[in-house]
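Written below as structure tokens is the structure these notes are about.
The values are calculated or read from the model by the stated rules, or taken from the named source; none is laboratory data. Only a predicted model underlies this, so the values are computations on that prediction, with no experimental measurement involved. Glycine gets a Cβ as well: all are built from the backbone with ideal geometry, and neighbour counts include every protein chain shown.
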Number of protein chains: 2
Amino acid sequence: MQFELTKDFLSNVSQAIAEKDNLFIINNIIDLHPADIADVMDYVNLEEAQYIYQHLEEEKAADVLVEIDEDVREKFLESLSVKQIAESIENMDSDDATDLLQDLPEKKQEAVLSEIKDETQTSDITALLNYDEDSAGGIMDKEFIAANVNWTVQNALELLRRQVEDVDQVYTIYVTDDNSNLLGTLSLKKFLYASDSTLIKDIYRKDPIHVQALVPSEEVASVMEKYELVVVPVVNEVGTLIGRITIDDAMEVIKEEAEKDYQMASGISEKVESSDTVWVLSRARLPWLLIGLTGGIFGAYVIGGFEDKISEFPVMASFIPLILAMGGNVGVQSSAIIVQSLANNSLEIDTIAKKLIKEMLVAIVNGLICSFIALLFCLITEKDVRLAITIGISLISVFLYAGLFGTFIPLILNKYKIDPALATGPFITTTNDVIGLLLYFLIGWAIYF
Amino acid sequence: MQFELTKDFLSNVSQAIAEKDNLFIINNIIDLHPADIADVMDYVNLEEAQYIYQHLEEEKAADVLVEIDEDVREKFLESLSVKQIAESIENMDSDDATDLLQDLPEKKQEAVLSEIKDETQTSDITALLNYDEDSAGGIMDKEFIAANVNWTVQNALELLRRQVEDVDQVYTIYVTDDNSNLLGTLSLKKFLYASDSTLIKDIYRKDPIHVQALVPSEEVASVMEKYELVVVPVVNEVGTLIGRITIDDAMEVIKEEAEKDYQMASGISEKVESSDTVWVLSRARLPWLLIGLTGGIFGAYVIGGFEDKISEFPVMASFIPLILAMGGNVGVQSSAIIVQSLANNSLEIDTIAKKLIKEMLVAIVNGLICSFIALLFCLITEKDVRLAITIGISLISVFLYAGLFGTFIPLILNKYKIDPALATGPFITTTNDVIGLLLYFLIGWAIYF
């Protein structure tokens, strides 16, 4: 069906390049979809990638450059001349062009910008560079089509025929007033039904869903998702239409957000892939390990304080892992549910207090079940009533504490506009370890003595 | 800008309904976007939701029904008559209609199907019901526009004008042969440039990216993402065009997949939201807690085996949490990186052996750093060389073991087509707890005696 990248194909590519077999490249690569060519270039070495790149026609080369993996692209761009980059940028959508430009060192950025001959593109890029890359302005492009509200359908059709070459995909025609303020949209449906002399003002749809340039890109993604939009217009503070955001960019935002949350919950502090170097992987993982280490050391202090009792009742030590495991699991579960609800933008009908009460009830239900099993186990295997009671009460306490803590912390972080995902994973488990141990030994101490 | 649902608005809605203030509903609700009306209906009670629903015109009512939260919808549908549901379904896209129908009890399903008057819709739905809901066929709709390759642009334009009412969004016109086999697509660009008498065969684009009806929906989503498609045609085994999948459905697949992985990693076994009942939340969380409990009990056995030594050297107990925390963190990190790489469909250039070697190197780097810190800490606070050596060696061993285990298990699961996300979170931590403890006490035992 579609092209599938295999190891065999890659080794054929390398061999062909080694033998300067241009025919192989022409027959097997240059007609592929840019995303597929980019895939190939991601896996071959830099020299081979350059060899392939040289065979691509200008427009395709630009498309490929957009699609290459960011890590690979950065290195690849170093090997291209300012002129080559400028030519590619002229063939890109303004948002992709801006992204690529931002990958370059500042000096090269300026050089490339001054080399671009298409003035609209230069001014579009300059405008886009002003926006934060996590805002609507940072992910929009300038390739929209706008028709004046006083035009006829005939006028709009002519404009469309003229502009359509610049715009990869026409999703909607925007309708603006004389000051370029966004008034509405012209649906293809209405457009195809209308006669040439129909006035746009008579058939356009008013008050389209739109976003402000400064809102965070996540908000854009959730608006597009909620209203099932493939494109959304972007306006500035006074309502002037300044760009559009297409669904592929929103999808990327959603994916990155989900990946970030997942990595945070798993104790990984930078965006990494399994193909990254050992050094990058180690560095991304070390911070949370050090937090875990600190937690472990605090834990050692807590237990150290009860060393005499452990000598006397070493069986207390046996149940440390049980207490830690349950506290950790409960805390992670609670925080994950909260983080995900927050990410889905559910309306906060419930107050924090109400959420905590609900979490408490869940903790009681599951805590009772688990405590009862653990208590039975202790009674049967250890035949020690005091120990069984200690374990039972400790588990319930840990469930309550861990559940409430796991619910409370992300809610509080969110309230103060800090990413609640920070509170998941290792952070919750580490804190819960220390508090859980303290609870366990204090309860044990109270019961045994 | 857009409608924003607030608590105040909701209480106004409830009050208006209590007072049978139809004017409020008409002025403030019925002109909202269906997704917003659905939001309101998600939060009010069943009677109130019905009250609002009655005020909606037929087409909007159908759109709202599509958008309502699944849990709410199920209850809401119970309160609608077979006739009401059938009428709504006639106004839906075939994929939404099929989804809704699947929410009904079997008996009502049949009753509704036989009540639908639009025969095309009935046959479309019957066709769609045959597909697994996680396959391309299960998420496609039948509202595509196809033009015969032998037609002129004029013919296609007429068809488009006629059919466009049925199709919410026209993204692409598909080109088929006399047997309805998919040949290509007609881009809007070419279409607008061409004269009316141009033959479609002269301007269409051949070999479009397409998917087979039986491929998993995740594969569809990744194809659409990779090639930045807003719509993809679906064909059956012999190449007949049978449907199309739009980007909103692919986006939903991606989101659900990411949420599922996240919940799995957090030890939650069903899809839940913080607004679910205590009972649903407890049930979703219990399975992994029981696994953790079992792990804790095994841990108790392991430590129990060394009780004599703990009586003698109670300081050994103090470092149990440290060992557990590090093993847990390392295991979760490793598995998360693998799971995410697998989800992103990166080409498996590296063999499993190569991945394990890389993970081993990462474990050595971070293990050495953490062990060294822990060892120093032991030496300084406990002034016990044997203990320090025990902790140092144990940590390195745990890092190696946990890292390799966390890498290996998801890779193996994936190889046997089992969801690798199963191996993340509590499963990894629980296993690592037991093995980590065993390593720690065996190493301690070897060094102390």
Original post:
B:ARG386 is checked against (1) more than 10 Å from chain A (Cβ to nearest Cβ); (2) among the charged types (D, E, K, R); (3) closer than 29 Å to A:GLN333 by Cα and fails just one. What number does that condition carry?
Top reply: (3)
Original post:
If you check A:ALA61 against the conditions, is it in a helix (DSSP H, G or I), within 23 Å of A:VAL234 (Cβ to Cβ) and in contact (Cβ under 8 Å) with a residue 12 or more places away in the chain?
Top reply: no
**OP:** Looking for whichever is crowded, with 19+ Cβ neighbours inside 10 Å, facing chain A (nearest Cβ under 10 Å) and either closer than 17 Å to B:VAL234 by Cα or at pLDDT 75 or above (or both) here; the options are B:LEU160, B:LEU182, B:LEU186. Which one fits?
**Re:** B:LEU160
Original post:
Going by the structure shown, is B:ASP202 facing chain A (nearest Cβ under 10 Å), out of contact with any helix residue (DSSP H, G or I) (no Cβ under 9 Å at 6 or more places or on another chain) and surrounded by fewer than 21 Cβ atoms within 10 Å (Cβ to Cβ)?
Top reply: no
**OP:** Considering only the range A:41-58, state which residues are of a type in the set (Val, Ile, Thr) and crowded, with 20+ Cβ neighbours inside 10 Å.
**Re:** A:ILE52
Original post:
Can you name the number of the only condition in (1) out of contact with any strand residue (DSSP E or B) (no Cβ under 9 Å at 6 or more places or on another chain); (2) of a type in the set (Val, Ile, Thr); (3) farther than 28 Å from A:GLU259 by Cα that B:ILE203 fails?
Top reply: (1)
Original post:
On the given criteria, is A:GLU219 of a type outside the set (Ser, Thr, Tyr), in contact (Cβ under 8 Å) with a residue 12 or more places away in the chain and in a helix (DSSP H, G or I)?
Top reply: yes
Original post:
Taking the stated definitions as given, is A:SER123 closer than 16 Å to A:TYR53 by Cα, of a type in the set (S, T, N, Q) and surrounded by fewer than 19 Cβ atoms within 10 Å (Cβ to Cβ)?
Top reply: no
Original post:
Would it be correct to say that A:ALA146 is of a type in the set (Gly, Ala, Ser) and over 30 Å from B:VAL231 (Cα atoms)?
Top reply: no
Subject >> Enumerated helices (runs of 4 or more DSSP H) restricted to the range A:264-332, each holding at least 1 residues that are aliphatic (A, V, I, L, M), in contact (Cβ under 8 Å) with a residue 12 or more places away in the chain and more than 7 Å from every other protein chain (Cβ to nearest Cβ) >> reply: A:278-304, A:315-318
Original post:
Which one of the conditions (1) among the hydrophobic types (A, V, I, L, M, F, W, C); (2) surrounded by fewer than 21 Cβ atoms within 10 Å (Cβ to Cβ); (3) in a strand (DSSP E or B) does B:VAL232 fail to meet, given that it meets all the rest?
Top reply: (2)
**OP:** Just need a number here: residues in the range A:15-40 that are crowded, with 20+ Cβ neighbours inside 10 Å and of a type in the set (Asp, Glu).
**Re:** 1
**OP:** From A:VAL339, A:VAL362, grab the single residue that is modelled with pLDDT under 90 and surrounded by 16 or more Cβ atoms within 10 Å (Cβ to Cβ).
**Re:** A:VAL339
Original post:
Do you know which residues across the range B:250-285 are over 28 Å from A:TYR171 (Cβ atoms), among the aliphatic types (A, V, I, L, M) and either crowded, with 20+ Cβ neighbours inside 10 Å or under 13 Å from the mean Cα position of the chain (by Cα) (or both)?
Top reply: B:MET264, B:ALA265, B:ILE268, B:VAL272, B:LEU281, B:ALA284
**OP:** Name, by its number, the condition in (1) within 29 Å of A:LEU157 (Cα to Cα); (2) free of Cβ contacts under 8 Å to residues at least 40 places away in the same chain; (3) of a type in the set (D, E, K, R) that does not hold for B:ASP196.
**Re:** (2)
Subject >> Of all residues making up the range A:196-221, the number that are over 27 Å from A:LEU160 (Cα atoms) and either at pLDDT below 90 or outside the structural domain of A:VAL149 (by TED's automatic domain parsing) (or both) >> reply: 0
Original post:
Which residue out of B:LEU400, B:LEU437, B:LEU422, B:LEU379 is surrounded by 20 or more Cβ atoms within 10 Å (Cβ to Cβ), out of contact with any strand residue (DSSP E or B) (no Cβ under 8 Å at 6 or more places or on another chain) and part of a helix (DSSP H, G or I)?
Top reply: B:LEU437
Original post:
Just wondering, is there one or more residues in the range B:238-249 that are more than 19 Å from the chain's Cα centre (by Cα), without any contact (Cβ under 8 Å) to a residue 24 or more places away in the chain and farther than 30 Å from B:ALA446 by Cβ?
Top reply: no
**OP:** Could you pull out the residue among A:ALA300, A:ALA317 that is touching a Phe, Trp or Tyr at 6+ places or on another chain (Cβ under 6 Å) and in the same structural domain as A:GLY406 (by TED's automatic domain parsing)?
**Re:** A:ALA300
**OP:** Tally the residues that are part of a helix (DSSP H, G or I) and modelled with pLDDT of 90 or more, restricting the search to the range A:121-153.
**Re:** 13
